[in-house]
Amino acid sequence: MEEVAEWAFARQGIEGITLSAGESFQQAGDLRHLCEYIKLRRPDFSIGVFSGYTLQEPVRGRWHWKAPGEDAWIKGDPGPFMAIKQFLDFEPLMTLYNAK
């Protein structure tokens with residue numbers, strides 16, 4: 001995770017990072033670590049996250065994530081979500097994926 005942050009810090013003109021590939025909150029442990037690492041070193045660096053969850057799903061514990069190095073899914077609860085949210089500079093952009 002630190003490598004991602006340091007890469008972004010080294011780029012001229014970059015003022016922040018937006019995470020959008022896959023489902024960011026399914027890697028809640030790594031996501032929190034990355035956000036915390038960034039804010040401790042560059043409090044002015046903005047962080048944004050796109051998610052396929054609606055805002056209410058993680059708040060109500062209706063989500064799952066995997067711990068680093070683990071195969072089993074962990075039922076999400078508001079704690080890890082709120083721990084990540086505190087580092088974000090705007091509300092997570094939550095979208096409801098609507099498969100047709």
**Report entry** Test result for Glu23, surrounded by fewer than 12 Cβ atoms within 10 Å (Cβ to Cβ) and under 20 Å from Pro68 (Cα atoms)
**Finding:** no
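Given the options Phe87, Phe9, name the one that is among the aromatic types (Phe, Trp, Tyr) and in contact with a Phe, Trp or Tyr (Cβ under 9 Å, 6 or more places away or on another chain).
Exactly one of Phe87, Phe9 is among the aromatic types (Phe, Trp, Tyr) and in contact with a Phe, Trp or Tyr (Cβ under 9 Å, 6 or more places away or on another chain), namely Phe9.
Yes/no matrix, rows are residues, columns are (1) more than 9 Å from the chain's Cα centre (by Cα); (2) over 18 Å from Asp77 (Cβ atoms):
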{"position": "Glu2", "(1), (2)": "yes, yes"}
{"position": "Trp7", "(1), (2)": "yes, yes"}
{"position": "Gln27", "(1), (2)": "no, no"}
{"position": "Ser46", "(1), (2)": "yes, yes"}
{"position": "Ser51", "(1), (2)": "no, no"}
{"position": "Gln56", "(1), (2)": "yes, no"}
Query raised in the report: Can you name every residue in region 50-71 that is out of contact with any Phe, Trp or Tyr (no Cβ under 6 Å at 6 or more places or on another chain) and farther than 19 Å from Val4 by Cβ?
Result: Thr54, Leu55, Gln56, Val59, Arg60, Gly61, Arg62, Glu70, Asp71
Report summary line: Heads up, the helices (runs of 4 or more DSSP H) in region 1-74 (entirely inside) with at least 3 residues that are farther than 16 Å from Phe87 by Cβ, at pLDDT 90 or above and out of contact with any Leu (no Cβ under 9 Å at 6 or more places or on another chain) are 2-10
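Could you say which residue among Glu23, Glu91, Glu6, Glu36 is acidic (Asp, Glu) and touching a strand residue (DSSP E or B) at 6+ places or on another chain (Cβ under 8 Å)?
On the way: Glu91 fails: touching a strand residue (DSSP E or B) at 6+ places or on another chain (Cβ under 8 Å); Glu6 fails: touching a strand residue (DSSP E or B) at 6+ places or on another chain (Cβ under 8 Å); Glu36 fails: touching a strand residue (DSSP E or B) at 6+ places or on another chain (Cβ under 8 Å).
Step by step, each of Glu23, Glu91, Glu6, Glu36 is checked, and only Glu23 is acidic (Asp, Glu) and touching a strand residue (DSSP E or B) at 6+ places or on another chain (Cβ under 8 Å).
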Report task. Taking Arg11 as the residue in question, decide whether it is farther than 18 Å from Leu93 by Cβ, in contact (Cβ under 8 Å) with a residue 24 or more places away in the chain, surrounded by fewer than 14 Cβ atoms within 10 Å (Cβ to Cβ) and of a type in the set (Lys, Arg). Result -> no
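Hey, among Ile47, Ile74, which residue is of a type in the set (Val, Ile, Thr), within 18 Å of Met1 (Cα to Cα) and surrounded by 14 or more Cβ atoms within 10 Å (Cβ to Cβ)?
Of Ile47, Ile74, the one residue that is of a type in the set (Val, Ile, Thr), within 18 Å of Met1 (Cα to Cα) and surrounded by 14 or more Cβ atoms within 10 Å (Cβ to Cβ) is Ile47.
The values are calculated or read from the model by the stated rules, or taken from the named source; none is laboratory data. Given the structure is predicted, the values throughout are model-derived calculations rather than measurements. All Cβ positions, even for glycine, are placed from backbone atoms using ideal geometry, and neighbour counts span all protein chains on display.
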